[in-house]
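Shown next, in structure tokens, is the structure this report addresses.
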């Protein structure tokens, strides 16, 4: 009986122990998770990191003038962010119109410019922090 009870306990504990990861397996899983988190952080940074440095200067927005060409505005404010499809569709109400969006790095309200037939017709600066 003394041999039977410890033997049965060992047999019962064996499947439970088999399901428990070893230190090496835990280290491997942890390394894989850390790698995945780093990839996600990097892709998140790339998604939000496109801010035109020129559009971060409020004085550049004050220099916008109606009738400017797209090239002149891009030279003044830099490369715009991609315009969402829903906003492109809304602008199609005005044939020949195009909207460019700009954000500040603080993600305050966006600025935008509207072109009609290739010429600037409206320019609204982003909300800049007053601090």
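Which residue, of 94, 102, is modelled with pLDDT of 85 or more and either in the same structural domain as residue 65 (by TED's automatic domain parsing) or farther than 15 Å from residue 56 by Cβ (or both)?
Answer to the selection: 102.
Could you say which residue among 24, 16 is over 15 Å from the mean Cα position of the chain (by Cα), modelled with pLDDT of 80 or more and not assigned by TED's automatic domain parsing to the domain that holds residue 104?
24
The values are calculated or read from the model by the stated rules, or taken from the named source; none is laboratory data. Because the structure is predicted, anything quoted here is derived from the model rather than measured. As a convention, Cβ positions derive from the backbone with ideal geometry for all residues, glycine included, and neighbour counts pool all protein chains shown.
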